[in-house]
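Take a look at the structure set out below.
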Amino acid sequence: MNIFFKNIYILFMNLNFKQIENFFREFITNKKSSNFYNFFALFGFYYIGCKLIRSLYSFKKYFLTTDSNLKHKYGDDWVIITGATDGIGKSFAKEFVKRGHKVLMIARNESKAKQVVDELTKIKSDALVEYIIYDLDKFYTDEDIKELEEKLSPYKEVSILINNAGIGKMKSLVNLSNSEIRSLINVNMNSVTFLTKAIIPKMNKNKKSLIVFSGSGLYKIKPAYSTVYSGTKCYLDGFMSCLSQEHDNIDFTYLEIGPVSTNLNRSTGRSKISPDDYCSSAIKHIGKYEYSAGHLKHGLLMGVVLSNNLLLRSTRKIIKKGVEKMLNNNNINQ
Ligand SMILES: NC(=O)c1ccc[n+]([C@@H]2O[C@H](COP(=O)([O-])OP(=O)(O)OC[C@H]3O[C@@H](n4cnc5c(N)ncnc54)[C@H](OP(=O)(O)O)[C@@H]3O)[C@@H](O)[C@H]2O)c1
């Protein structure tokens, strides 16, 4: 229904006021019933037309998007990935290594980082993969930022930044500890802000570069018990949207990620996919679309859930019940 009223609004904006005034004057003075029907037929056609165009666009996005040569498009300088020691970030690192990119991982755990470097060099023996150790859960004082900049200083040119590291906690706000809240904000928002600020000057102004955000479909669904987590993902959306208008030389993509089987998401569900599966699809979407679920399964899921308010409300109820069940089980097991 919201979309219906939005379309009416757009239609009105496109008509000039004289036309609208004449239409209503004729409608009121003549009370012609044919006008009444024409009026709604017009809206009907417009509404169906808009839906059709959106469906075709989604069809193209999720069925016809082909692999593109990211090296050719963005150059072969460093690809920086946060949270590449596990889950989605690690799968992204594999995709970039397969495509011959130089990968720099920002990790907090050195033994895990070394292990991933080994795994990645097995995929491609001449792969150039390095890491810096930096815990993203910081207050980002001037000293913290200086430390980050110093660690990044050997990496003078960057083609692509994948802001992927993130943590999630599904709990009611009052039950989140203060340190859990701080960590969510530090890792999911603050680190992205300061890292992006540090990296942009390293991107070539005469060539296109790319910045990707591992967002979440929850930033649109906004279910209960994800207050701070969804809030941080909404922040990334706003951050990207404003930033993209300041930098014509940078492409931006916000990934509206759905359920992926990783340490972060241990729930069971049929819509879950493996991180490798997710990234082999999402890599085709980055740089091409400003917003994408990255995978057909997640695209369909988001499309259905957000298609009307009734479905959105039902999804919120299902998620709420699911999280409550999980929280109760956790309490029983503790
Ligand atoms: N999985 C899903 O269903 C899902 C859905 C929507 C959105 N997402 C988003 O996708 C992104 C990746 O999530 P994932 O599912 O791949 O999670 P994951 O498997 O838990 O991996 C998270 C990565 O972030 C790193 N990390 C966490 N805290 C860090 C810190 N303080 N400093 C440095 N690195 C840190 C982890 O490092 P360690 O290896 O040292 O732990 C790991 O490499 C997140 O932004 C998440 O919000 C995931």
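Numbers for the structure displayed
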quantity	calculated
Whole-Hz ³J(HN,Hα) from phi, Karplus 6.51 cos²θ - 1.76 cosθ + 1.60, for the stretch 247-256, glycine and proline x	10, 5, 7, 10, 8, 10, 9, 9, 8, 8
Burial order of peptide ranges 160-169, 293-302 (average beta-carbon count within 10 Å, highest first)	160-169, 293-302
The stretch 306-334 and the stretch 229-257: distance between their alpha carbon centers, rounded to Å	27 Å
Nonlocal amide H pairs with ILE273, under 5 Å, H built at 1.01 Å	VAL260, SER261
Amide proton proximity set for ILE250, modelled H, under 5 Å, gap of 5+	SER209
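Read the figures in this text as sums done on the coordinates, not as results from a lab. Computed from a prediction, not measured in an experiment: that's the story for all the values here. Cβ atoms come from the backbone with ideal geometry, glycine included; neighbour counts cover every protein chain shown.
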